[in-house]
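See structure below.
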Amino acid sequence: MSQPPGFEDPSHPYLVCKLLKSLCGLKQAPRAWNDRFTQFLPSLGFENTYSDSSLFVKHVGHEIVVLLLYVDDIIITGSASGAITQVISALTTEFDIKDLGLLHYFLGIQITKTATGLFLSQTKYVADLLVKYEMFDAKPCDTPWLPYNRLLKEDGDPYSNPKLYRSIVGALQYLTFTRPDIAFSVHQVCQFMQNPMVSHFTAVKRILRYLKGTMQFGISYTMGDLQLKAFSDADWAGDPNGRRSTTGLVVFLGNNPISWSSKKQQTISRSSTEAEYRALSFSSAELD
């Protein structure tokens, strides 16, 4: 550490400040804030969930209040409006918190309230992504991936800018939070982050062109039954580089998708039946 500019002490140039509280901008500030906040929540009756360390639940009789914390961004919802108001009041008293009202935007995800429920999209995120990588004026295409197309590990010439490739693919991974339609395509291009080829980057540009024509796509969540359902599929030995199969999975709560993935299986299946059983096993584990 060193003395901050404008506050140097010429007589004691090697002395530094001892912090009595964490300050914004310091590396340890987010952790200190999170520890302080999570230690206060149990006093309000919240319990930490096992599935997500940033998700807290409070039971008020037959009602429920849910709080989601991400650094200094907080979402509060539930079925007990009175309890929600009390929680917000208690947090405002203890911390310097600003109530922004109804949820509209959170971590790059846009939330729109409709007559039947909620619509989640990342339209602004897609637009910023296309502008950043100079693809906003690209010609849209109908699909993110060509049918029956599989990328080879060493296909053609190496791509000249691997850092750019990794940057785009990493951004696309975050986009799959509301776009299950590109999950398989993004999974395919993610396999070549270490040594991308020109053909791999061409596949990435096709995904961006598809996003250009589908910027408004997202997921609708509506009220309905709470029946848990899962659908899975597998392509037998579909990976030409290692002959492993790929599992596709989507989990529904009622009519609403809550989890999805496209993932290569860990071992090689000797038959299509074995590949399907492995997909079912993975889906069962996801339901648990």
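Some points to look at:
- Extreme residue, positive dipole direction of the chain, given options P42, V198, L172 (C-beta unit charges): V198
- With contacts taken as Cα pairs under 8 Å and at least 6 residues apart, the stretch 29-101 reaches a relative contact order of 19 percent.
- Ordered by the count of other Cβ atoms within 10 Å of each Cβ, fewest first, S269, S79 give S79, S269.
- Which of L151, L249, L20 has the fewest Cβ neighbours within 10 Å, and the rest in rising order: L20, L151, L249
- Sites V66 and T267, calculated FRET efficiency, Cβ-Cβ separation with R0 51 Å, nearest 0.05: 0.85
- Based on Cα atoms of the stretch 20-104, Rg over Rh with Rh as the Kirkwood radius reads 0.97.
- Above-threshold pairs, the threshold being 27 Å between Cα atoms, out of K18/K98; K153/K263; K58/K98; K27/K212: K18/K98; K27/K212
- The charge dipole of the stretch 120-218, taken about its Cα centre with unit charges on the Cβ atoms of Lys, Arg (+1), Asp and Glu (-1) only, comes to about 140 debye.
- Listed residue (A234, Q188, L208) projecting farthest to the positive dipole end of the stretch 160-288, Cβ model: L208
- Taken about its Cα centre, the stretch 29-112 carries a charge dipole of roughly 20 debye when the Cβ of each Lys and Arg holds +1 and the Cβ of each Asp and Glu holds -1.
- Taking Cα atoms only, the orientation of helix 29-40 departs from the longest principal axis of the chain by about 70 degrees.
- As a proxy for reagent exposure, ranking I182, I97 by other Cβ atoms within 10 Å from fewest up yields I97, I182.
- Cα gyration tensor, the chain - rounded (a/c under 1.5), prolate or oblate: oblate
- Percentage relative contact order, the chain, counting C-alpha pairs under 8 Å, at least six apart: 12
- Each Lys and Arg contributes +1 and each Asp and Glu -1, all at the Cβ; summed about the Cα centre of the stretch 224-287, the dipole is approximately 240 debye.
No value in this document is a laboratory result; all are computed from the given coordinates. Worth saying up front: this structure is predicted, and the values here are computed from it rather than measured. Counting neighbours? That spans all protein chains shown, and the Cβs are built from the backbone with ideal geometry, glycine included.
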